[in-house]
Amino acid sequence: MCGIVAATARREVSAILLEGLRRLEYRGYDSAGLALIDSDHNLLLHKRQGKVAELEQAQAMDPKYGCVGIAHTRWATHGAPSAANAHPHISGERVAVVHNGIIENNEALRAELQAAGYEFLSGTDTEVIVHLLHQQLQSSQSLLQAMQTVVERLEGAYALAAIDVAHPDEVIATREGSPLVIGVGIGENFLASDALALRQVTDRFIYLEEGDLVRMTASSLQIYDANGNRIERTISQLAAHEEATGLGDYEHYMLKEIYEQPRALAATVPATGAHDIADEAFGTGAAAVFDRVQAVQIVACGTSFHAGMVARYWLEELAGIPCAVEVASEFRYRKRVQHPGTLLVTVSQSGETADTLAALRNATEAEFISSLVISNVDHSSLVRESDLVFLTRAGAEIGVASTKAFTTQLVAFLMLTLVLGRRRNLSPEAASAMVSALHKLPDYVEQTLKLDPLIKDMASAFILRHHALFLGRGIQYPIALEGALKLKEISYIHAEAYPAGELKHGPLALVDADMPVVAVAPGDELMEKLKSNIEEVRSRGAELYVFADENAGFLDDPRVHVLRMPHCPELLKPIVYTVALQLLAYHVAVQKGTDVDKPRNLAKSVTVE
């Protein structure tokens, strides 16, 4: 959600700011803007509703140049998408601010500022910040001091960057509940919401902590903690391979990332031996923690929540450990009773998901013996604040609809099941079979990708439909949920998923000839019951699309279309079948002509409640 880029250098930075915004487009946004201080200490501004390309066109037609600047892509919260509501916001023709997050007390601050004579030109919560800064600068000696005073009055979550023509060589920034990273250059420094935005100018980064405040010039960096103390933060150097974000020969990032899954899955399984997974894959000290685990509580949002739902089946069936799974936005706001010896597991692709991060911070030592995060992004807030860490190796995921991040999360949960199960009722032979299956998983996914042409043909039946129903039983129910989520996210078709046994309890009323039904039917011990559920749907005239094991015995007829999936171990079927459902959603969206990689109203990294 939203993206910040800032720069202070001895060279002109408008092109750097625009390239940074392009690299942040995946986060989701509806407007964009930039502000620069030129050599005459004038504040220059461009803001446009729509894509970064609109901002680039404005810059091409009316160039604004400067060595210090801030830029932003906005995802609307307060105030509709418009040029007026786009960031940066300015005050007194001297101060400009960009902001990610939500200021919860903005209405009270707005009323106070209006009474003081400030005129508001937008409907955003951000505009109160820039006016407060301008007001404070009347009595403060520096922009840094003014920002320190202003943030004491803000309630909510924010990442802020500000420039001031009276301090023309510096950028002041701070964060509370929303990520910011400094890009360290030579004779220049940068700032962004995500290191990816700055990889074109540096490979050295400082990840700011909660409450940090930074003063940044071309030649210097000063960082202060929440108490105002001058501090040093570690500089991390990112490897070159972490930047592989080009489209290559693919039409969309989502398709590229679907096809990258065999590599990502193979990379996520540590090469620690053919027959076992070491506890240390989850971090130093993991063995001592795992020895004490009596229950697991998984907390996540969206696709990551579905991964947790799958993990519950594995942890309880294979490891014999009680497991609860809850949406983070609900978990953090209710009174809870936990089993003694419970391990808290948070799951987040970005490691910055606001509700999941808040749930971790809300957890207490009395409730949980330790915390483990499964994430795709090193140095993220959840990674830094958790006791144990498992980093998936999906690589950069640009498409908003998660694909390889989800399947690598499932691999991580299989590994967690194995290391916890070893301590209970999982035999060495069963553990060895699990590891062997994990090493074969990329091959089964490769076989599934070869079904792409058949899935593309199947997708054509969905493009004129307004609703779809997904069915699954047992561990395939959360996979049906994930398939429905993918379809609704990128094709805008209303899709629901249900446990197949729930059909008679309500959903069957929706089924008719205009409602395509997708059944995930891998061929396990619940197959016969699922076949009965499918017959209930078929008898109501629905068109059925069955994703079934090639040995399951499903037959095509005029209203039943079977995609015969490669035969693979039961353990791997949730992952393998997910890939086919991803392809279905992708091809439906492409044929409908929607924006596959950047679906409307959605953001990749949800950093606000």
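The values are calculated or read from the model by the stated rules, or taken from the named source; none is laboratory data. Everything numeric in this text was worked out from a predicted model, so none of it was measured. Please note: Cβ atoms are built from the backbone with ideal geometry, for glycine as well, and neighbour counts cover all protein chains shown.
Structure data summary
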read-out	value
Unmet criterion (only one of (1) within 22 Å of residue 315 (Cβ to Cβ); (2) surrounded by 16 or more Cβ atoms within 10 Å (Cβ to Cβ)) for residue 428	(2)
Complete set of residues in the stretch 1-49 that are out of contact with any helix residue (DSSP H, G or I) (no Cβ under 7 Å at 6 or more places or on another chain) and of a type in the set (S, T, N, Q)	8, 31, 39, 42, 49
Residues within the stretch 11-56 that are under 24 Å from the mean Cα position of the chain (by Cα) and acidic (Asp, Glu), tallied	3
Hey, residue 368 aromatic (Phe, Trp, Tyr) and part of a helix (DSSP H, G or I) or not	no
Members of the stretch 119-136 found to be surrounded by fewer than 16 Cβ atoms within 10 Å (Cβ to Cβ) and aliphatic (A, V, I, L, M), listed by number	121
Strands (runs of 3 or more DSSP E) contained entirely in the stretch 260-353, each with at least 3 residues that are among the basic types (Lys, Arg), touching a Pro at 6+ places or on another chain (Cβ under 6 Å) and free of Cβ contacts under 8 Å to residues at least 24 places away in the same chain	none
Residue list for the stretch 533-573, filter: outside any helix (DSSP H, G or I), among the basic types (Lys, Arg) and surrounded by 15 or more Cβ atoms within 10 Å (Cβ to Cβ)	540, 564
Any strands (runs of 3 or more DSSP E) falling wholly within the stretch 446-521 and containing at least 2 residues that are of a type in the set (D, E, K, R)	none
Residue identified as modelled with pLDDT under 90 and either within 26 Å of the chain's Cα centre (by Cα) or buried (at least 16 other Cβ atoms within 10 Å of the Cβ) (or both) among 79, 92, 69	79
Residues of the stretch 352-370 satisfying the condition of being small (Gly, Ala, Ser), modelled with pLDDT of 90 or more and crowded, with 23+ Cβ neighbours inside 10 Å	359
Cβ pairs under 9 Å, 6+ apart, first in the stretch 484-505 and on the phi > 0 side of the Ramachandran plot, second modelled with pLDDT under 90	492/599; 492/600
Selection from the stretch 387-416 of residues that are in contact with an Asp or Glu (Cβ under 9 Å, 6 or more places away or on another chain) and assigned to a helix (DSSP H, G or I)	404, 405, 406
Conditions (1) at negative phi; (2) crowded, with 20+ Cβ neighbours inside 10 Å; number of the one not met by residue 422	(2)
Failed item, numbered, when residue 107 is tested on (1) touching a residue at least 12 places away in the same chain (Cβ under 8 Å); (2) touching an Asp or Glu at 6+ places or on another chain (Cβ under 9 Å)	(1)
Residue that is surrounded by the most Cβ atoms within 10 Å (Cβ to Cβ) [pool: residues in the stretch 191-219 that are assigned to a loop (DSSP other than H, G, I, E, B) and hydroxyl-bearing (Ser, Thr, Tyr)]	193
Counted residues, the stretch 574-605 - those being outside any loop (DSSP other than H, G, I, E, B) and buried (at least 22 other Cβ atoms within 10 Å of the Cβ)	16
Single residue of 37, 16 found to be among the hydrophobic types (A, V, I, L, M, F, W, C), within 29 Å of residue 221 (Cα to Cα) and touching a Pro at 6+ places or on another chain (Cβ under 7 Å)	37
Looking only at the stretch 137-190, and only at residues there that are within 26 Å of residue 77 (Cβ to Cβ) and polar (S, T, N, Q), the one that is surrounded by the most Cβ atoms within 10 Å (Cβ to Cβ)	178
Residue ID - farthest from residue 463 (Cα to Cα), chosen from residues in the stretch 506-517 that are exposed (fewer than 15 other Cβ atoms within 10 Å of the Cβ) and in contact (Cβ under 8 Å) with a residue 24 or more places away in the chain	512
Condition broken by residue 454, with the remaining ones in (1) assigned by TED's automatic domain parsing to the domain that holds residue 585; (2) in contact with a His (Cβ under 9 Å, 6 or more places away or on another chain) satisfied	(2)
Complete set of residues in the stretch 330-351 that are at pLDDT below 90 and closer than 13 Å to residue 302 by Cβ	350
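For (1) among the small types (Gly, Ala, Ser); (2) within 16 Å of residue 580 (Cα to Cα), each residue gets a yes or a no:
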position: 472; (1), (2): yes, yes
position: 476; (1), (2): no, yes
position: 481; (1), (2): no, yes
position: 486; (1), (2): no, yes
position: 490; (1), (2): no, yes
position: 499; (1), (2): no, no
